[in-house]
1. Inside the range B:278-372, counting only helices (runs of 4 or more DSSP H) that do not spill past its ends, which hold 1 or more residues that are modelled with pLDDT under 95, within 14 Å of chain A (Cβ to nearest Cβ) and more than 29 Å from B:Asp417 (Cα to Cα)?
2. For B:Val170, work out the one condition from (1) of a type outside the set (Ser, Thr, Tyr); (2) under 25 Å from the mean Cα position of the chain (by Cα); (3) closer than 24 Å to C:Ala333 by Cβ it doesn't fulfil.
3. Inside the range C:124-162, can you point out the residues that are over 19 Å from the mean Cα position of the chain (by Cα) and assigned to a loop (DSSP other than H, G, I, E, B)?
4. Can you tell me which residue in the range C:156-188 is farthest from C:Gln228 (Cα to Cα), limited to those that are at the interface with chain B (Cβ under 9 Å from one of its Cβ atoms) and touching a strand residue (DSSP E or B) at 6+ places or on another chain (Cβ under 8 Å)?
5. Pick out the one residue from C:Lys338, C:Lys371, C:Lys284 that is more than 14 Å from chain A (Cβ to nearest Cβ) and basic (Lys, Arg).
6. Collect the residues in the range C:163-198 that are among the hydrophobic types (A, V, I, L, M, F, W, C) and part of a strand (DSSP E or B), keeping them in residue-number order.
7. Here is a check on your reading of the model: is B:Val288 over 20 Å from the mean Cα position of the chain (by Cα), of a type in the set (Val, Ile, Thr) and either surrounded by fewer than 22 Cβ atoms within 10 Å (Cβ to Cβ) or farther than 20 Å from C:Ala106 by Cα (or both)?
8. Here is a list of conditions, (1) touching a residue at least 40 places away in the same chain (Cβ under 8 Å); (2) part of a helix (DSSP H, G or I); (3) not aliphatic (A, V, I, L, M), and B:Phe232 meets all of them except one; can you say which number that is?
Amino acid sequence: MTEQAIRQAANRRIITRAVMVAVAMFGFGFAMVPLYDLFCDITGLNGKTGVTDSGSARAQAVDETRLITVEFTGNTAGGLPWEFRPAVAKMQVHPGQVAEAVYVARNTTSDRMVGRAIPSVAPNRAAAHFKKTECFCFSNQELAPGESREMPVRFVVETDVPQDVHTITLSYSFFNAGKYSSSDAGTGTAGSDAIRRGEKG
Amino acid sequence: MATAEAAHHEEHHHPSGIMRWITTTNHKDIGTLYLSFSLMMFMVGGAMALVIRAELFQPGLQIVDPHFFNQMTTMHALVMIFGAIMPGFVGFANWMIPMMIGAPDMALPRLNNWSFWILPFAFTMLLGSLFAPGGGPASGWTLYAPLSIQGGMSVDMTILAVHMMGISSVLGAINIVVTVFNMRAPGMTLMKMPLFVWTWLITAYLLIAVMPVLAGAVTMLLTDRHFGTAFFDPAGGGDPVMFQHIFWFFGHPEVYVMILPAFGIISEIIPTFARKPLFGYASMVLAVAGIAFLSFIVWAHHMFTVGMPLIGELFFMYATMLIAVPTGVKVFNWVATMWRGSMTFETPMLFAISVVVLFTIGGLSGLMLAITPADFQYHDTYFVVAHFHYVLFSGAAMAMMGGAYYWLPKWTGHMYDEKLGKLHFWLTAIFFNITFFPQHFLGLAGMPRRIPDYALQFTEFNVMSSIGAFGLGFSQLLLVYVVVKCVRGGEKASAEVWDNPKGLEWTVPSPAPYHTFETPPQVR
Amino acid sequence: MLMSRSKLSAAIIGLAVPWLPVVPAMADYGLNLPPPVSPIGDEILSLHNLIMLICLIIFVVVFSFMFYSIYAHRKSKGHKAAQFSHSTRLEIVWSVIPFVILVGMAIPSTATLIRMEDTSQADVTVKITGYQWKWRYEYLDHGIAFNSNLSTPRDQIENRSAKGDNYLLEVDRPLVLPTDTKVRFLITANDVIHSWWVPELAVKKDGIPGFINEIWTLIKKPGIYRGQCTELCGKDHGFMPVVVDARSPEDFQAWLAANKQEAAADASAAMAEWSMDDLMAKGKEIYGACAACHGAQGEGVPNVFPPIAGSAVATGPVAQHLEVVMNGRDGTAMQAFKGQLSDTEIAAVVTYQRNSFGNSAGDAVQPADVKALR
């Protein structure tokens, strides 16, 4: 009897421990999200898309003493034979100043096509300080055959951008989003928190 | 007495013929299955390597087209890593761990059977993918997105095969952990366990930690390919580099999965033939644990060129360099074990010594690769190919060969042919160096990896490397011959086999009876 | 059982010989990194040589102990085994010494890395885009853009003719760069990940679709520098070389000017009516790029790349053929070539495809037809 009781107690102990481990592992799965955020924050990984801040642009004092060159480039990926380029190749802005640039996309095919643009900012260390307050990125853009559209992007280079940054490049790559056009949000990771549904052109 | 008893058991409880092997739950049978499977895959993967080297013998396209060449590089890696090296070490673990800790069998014998029998199906699927429309997977064993997203159905077959291998590895690893913690003989404390058991215990934890990560990565790849997700597809807002991060979070610990058990085998062989206890046992255990820990925080050194931020590059450079410290401790300890010993040089010892030397070459080139600025020049060149073959062939594979010669008499009851064993060693060691040493120079001179054809200035070293590869490949037939010959007969081996070796496995007769340690031995 | 003296020395020589060439070869081309022509390249080379030297010294020191032990502490010589099994002091010493050496290596590496990542204040910016399987270069400040394809003839690759000196390392249009000027590269890709590498410049960076990477160089010496793609990017990964033609700043300016003229000349050629023979001749030249997938004889690769010989597209209506070539086929490796080829080039290659390999559509597509579809 007592032996059986001891054995039962031991089994109970093991079961409790096993369940606790399972719960802890399940919890750890959720803890990965803030842990990875923290890790990426420290190492600066995954900061390449720049930051989309859809709320009101924080009023920042313009730093007139510095002038930063912002370059624009556009790419179209395979599978989306559109014409896509910035209206101006570069502009100079003061940190803190809200500026607007325009990209032009034209559907040169004879089909209706849906594209989606992905931003990327270089150099790495400037990406976190490059805030886009209005952006056509991560949202579907549908163009009729031959249609062209101007796409504005408003941005601020924050005043705390590192001193040795003199040039920032903003690159947009347009991809064929036909595959993703049914669900706008997608499951993307790079921009999941930055997705804005396509409201304007 | 024990043998008679074993024979008795066998008669009554075991089907014979093929059913014995399919239904077996005996750790020795399963170990044999794993080792035979591993040897078979070693030959298959080796044949693929020879296709690669034959094409690279001369500049120009002669034998295969570039698409098939890419399939060969991809499959060679997958087969060697998941088919030859990992199952090989699991085979050693199955045979030796219960015998080393004085346990009658593995803790979960049916699971053990299952974890082996998944493998033939996984590899039928993987090798079958070569015959899929459009050919086998051709995006490298790393399956980098988006290239792997372009591939045909062979990529899906590979993904499913990887899932199966992952299940098999995780089950095997769980079995080892449970066995080591629950089945040790009385008196066999953790710090008395043979180093091979220690390295496998830590390896098992690595496997349990990272195989699910690989499964996750390839599952995301699968859903990207077929179910409209966009984890790695920039068009949907995904990030191709994230695949590399996840893959190498698995991939780097995986490298240590393939080398830690080799360290364990070497640490068993050297003391026996130096007739001297292993130097610094405690620091060896600590070093293995240290390497295992560091393996989790160095993954991005495989991807310095993807455009990481400076801080990221610095972090991964420093962490990677740190690995040199525990690895150095291991090498120094092995040398110190030999120091003032009374050495003899039978085949296992020859293999062990050459592993120490050649692995160190791979380790030192690894240190060079850790230096980020220099890595920009080495990355994805033949320098890297040379580096990881020094680690995985002359580290992992040659340690397994040494281990096989060391324990074959215990497994079969016969001495292997020492003359042929030594011949096999010398052919392997010499041809290995002829094959892979010139590849260091090729990489430095600018030859990228995974190319089916090359510029003329790389010709001489490629010729040398191809000649070495064919020599190396055909010398392995000798290994098969020696093993088969030893299984079939030969000089009777004593229980100890060697000159007073340490460890419980040498206290049972040779061949080890079907059931050992049914009453646990007392370890003092 | 025991190893004879001669076998042992053979062992030592066998293991040591592969290392011997390393020492005198440190500076030779072909055995070490190629002589660099950029300041970062110099730093990397000296870093590499330093680490290699340290590694060699460690190797020799550690294994001279081991080989001495193998020589002296043998049973055949009657050496009795000592029974010591640890020494805490020794173990601490040989953990600390490597650590100190590592710190010594980390300091110069960190300094170099910081300089490598400093892409600021460049005078020329070139955007590099990797395609399966070619490079596209765009001079952002000068409005010049062109593709750079492998120019080694298929005959050489398939061993039907003797291989040239720069076999597989030659392109139709090299990237022209000025010397003594800080050049910044913006690297991206169109389809899969590629990696742009020129060993002499010590520049290697991945081009990743959707993302943009930065790296810089400063070339000190005019010359032709050759490299390759170093990230597996599919079938013709081994056939997309990089060639950099470094010229003095004056020559570079002259090249820029000449290029702008050429672009104007191209535009006027596109207005002209082309004869069938001219189109076929030019088309055959352009077709080299198609041959990578579709085969030199338009035969394709079964189940991977469709044939052109006898295909429905190449024998059907011109409009459909142009549509495929210009806009590509979504979800396949067939790219949109309209951004990569001029009107004349597209007209020529389509004409060639329709009238070769047994296809005989007989029509001559004019550059103006292509222009109308843009």
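The values are calculated or read from the model by the stated rules, or taken from the named source; none is laboratory data. Just so it is clear, the structure is predicted and the values come from calculations on it, not from any experiment. We place every Cβ from the backbone using ideal geometry, glycine too, and count neighbours over all the protein chains shown.
1. The helices (runs of 4 or more DSSP H) meeting that bar are B:310-322.
2. (3)
3. Once the filter is applied, which keeps residues that are over 19 Å from the mean Cα position of the chain (by Cα) and assigned to a loop (DSSP other than H, G, I, E, B), the range C:124-162 yields C:Leu140, C:Asp141, C:His142, C:Gly143, C:Glu158, C:Asn159, C:Arg160, C:Ser161, C:Ala162.
4. C:Ile187
5. Result of the check over C:Lys338, C:Lys371, C:Lys284: C:Lys284.
6. Correct list: C:Val171, C:Leu175, C:Val176, C:Leu177, C:Val183, C:Phe185, C:Leu186, C:Ile187, C:Ala189, C:Trp196, C:Trp197, C:Val198.
7. no
8. Just one mismatch for B:Phe232, condition (2).
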